[in-house]
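To start, the structure itself, in structure tokens.
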Amino acid sequence: MNKPVYLDNAATTPIKPEVLEAMMPYLKEQFGNPSSAYTFAEDIKADVENARKTIADFIGAASDEIYFTSGGTESDNWALNGIAFAQKDKGKHIITSKIEHHAVLHTCEYLEKLGYEITYLDVGYNGLVDPQQVREAIRPDTILISVMFANNEIGTIQPIKEIGEIAHEHGIPFHTDAVQAYGHVRINVNEMNIDLLSVSGHKINAPVGIGFLYIRTGTKIEAFMHGGSQERHKRAGTTNAPGIIGLAKATELADKSLEKRAEYETQLRNYLIERIENEIPYSLLNGEKTNRLPNNANFSFGFIEGESLLFMLDRMSICASSGPACSTGSVDPSHVLTALGLSRELAHGSLRLTLSEDTTKEEIDYTVDSLKKALEQLREASPQYHEFINRHR
Ligand code: PLP
């Protein structure tokens, strides 16, 4: 391979040329602050509002329900803290799952320090939340249910519509972190009973530093940033016009190609899974086989350390991940994999491969061949592996 094989699209994605091209004028000649009063800025303001509409249309929302933020982490923080602070007189109980991104889990921990109570729902071995468990966890003082749309490590897609329906039967707002799902699966906030939805630009070929929080009209939520009157007084800070234009362009492209891309990625991903399952002993696919993002494959391999495997793959010019990008370097096994019931050893021996529409079959073949070599070498050096083989001779 003369260029790195990039199989870490869940961590971040490159900016598409069309996206960059759409953004360029707003970084150069159309640099004005959309909040200014002169005509030069008003044109930019109009373009930002058109971008807002493109994004709103894509998820079946109204334009004034889209609030631009700096990305997924901010949107998650805002959804949880904003509801918690605005509705504390009603109650202080929040329901979420054990496999959320740290942007949700660490915000929950912060809220616990402030006296809120959080129920962390278990997931099955397949990585799915059971809607019945959501129903059973609801209390009179529950003020928010937050369950992610698709998991960032194992790609499993949650029964969002059903969970939203249960939330609404009880008059509880429903938030979903859709950072990994947006642009990969069709989302309609009305059909799926979603009240708040977090999105990040850099996961769908827009730049890092832009995202949004969808907030259903009528939802009682505190403002997040305090300062100017941007984003209808709810999220202060000078409007990131180039980022917003880029996110809208990336959304438009994702909308056009969604089904075709999903089909291509699913086929290639299934081919990858099949080859690994057939050719690599002691490998285990993590999470439901079919009900997962089209581009995600996550495996645990027996008798190896994920970090050592990543290091060897890196030397073979393959970019992959053993868990969430933000936790690389951490010695704890993935909280997602342990929530599935995996042993510490198997959770430590995991590898996430996330494809894109640009990934080729040749790259997948090269990756599986390299993976086989790397695993053979690592297992050869593993006393546990030899002990196991000798015991089972
Ligand atoms: N939520 C999920 C599910 C994610 O995968 C990520 C990023 O990996 C985030 C939130 C954080 O998004 P951002 O990087 O835009 O802050």
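Bear in mind these aren't lab numbers, they're just calculated from the coordinates by the rules spelled out. Please read these numbers as outputs of a predicted model, since none were measured by experiment. Because the Cβ atoms are built from the backbone with ideal geometry, glycine has one as well, and the counts that use them run over all protein chains shown.
The figures follow:
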read-out	value
The stretch 21-81, dipole about Cα centre (Lys/Arg Cβ +1, Asp/Glu Cβ -1), debye to the nearest 20	80
Candidate aspartates and glutamates - alpha carbon under 20 Å from LYS28, same-chain residues fewer than 8 apart omitted	GLU18, GLU42, ASP43, ASP47, GLU49
Rounded if a/c under 1.5, otherwise prolate or oblate - the stretch 81-224, Cα gyration tensor axes	rounded
Unit charges at the beta carbon, dipole of the chain: most positive-side option, PHE224, CYS319, GLY164	PHE224
Peptides ranked, highest mean first, by Cβ atoms within 10 Å: ranges 66-72, 22-28	66-72, 22-28
Per-peptide average of other Cβ atoms within 10 Å, ordering 200-206, 94-100 highest first	200-206, 94-100
Only Lys, Arg (+1) and Asp, Glu (-1) charged, at Cβ; the chain dipole about Cα centre in debye	220
Rg over Rh, two decimals, the stretch 329-393 (C-alpha only, Kirkwood Rh)	1.06
Under 19 Å from the Cα of LYS113 - lysines, other chains or at least 8 residues apart	LYS88, LYS90, LYS92, LYS98
Cα shape, the chain, gyration tensor, a/c 1.5 rule	oblate
Proximal aspartates and glutamates relative to LYS220, as straight alpha-carbon distance under 20 Å, when same-chain residues fewer than 8 apart are discounted	ASP64, GLU65, GLU74, ASP76, ASP89, GLU117, ASP141, GLU165, GLU169, ASP177, ASP195, GLU231
Positive-end residue of ALA22, SER70, GLN180, charge dipole of the stretch 17-253 with Cβ unit charges	SER70
